[in-house]
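We did not get these values from a lab; they are worked out from the coordinates using the rules stated. This structure is a prediction, so every number in the text was calculated from the model and none was measured. Counting neighbours? That spans all protein chains shown, and the Cβs are built from the backbone with ideal geometry, glycine included.
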Amino acid sequence: MILLPLMTWPIVTLNIVLILTSIVLALFILLHKSRGGGMSDLFGGGMTTGMGGTSVAERNLDRLTITVGLVWLASIVGLLVLYRYFPEVGTLG
């Protein structure tokens, strides 16, 4: 079967993209500034914090986070499609 070795490179590539974007996405989410008190906001504890304007760096971080998140989601969907239409590639035997 010559098809199997040819179809493994997209899966390997998407797996690498998924791993890298997962790490970068986690780091970008951790870089965001905290904007609330979590559960205490439900009971009115966060009413004193001002919702001032965001800086340019925060807006750029938001855009980068959304972009990396979309690439992460696209790689998951791509892997699902590849494994759905080429199930023999995902097996070991």
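Please compute the length gained on full extension between residue 89 and residue 16, using 0.36 nm multiplied by the number of residues separating them and subtracting their Cα-Cα distance. Walk me through the intermediate numbers first.
Working: separation 73, 0.36 × 73 = 26.28 nm, distance 1.66 nm.
Result: 24.6 nm gained on full extension.
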Original post:
Taking the simple approach of a point 7 Å from Cα along Cα-to-Cβ for both residue 76 and residue 26, what is their distance in nm?
Top reply: 1.5 nm
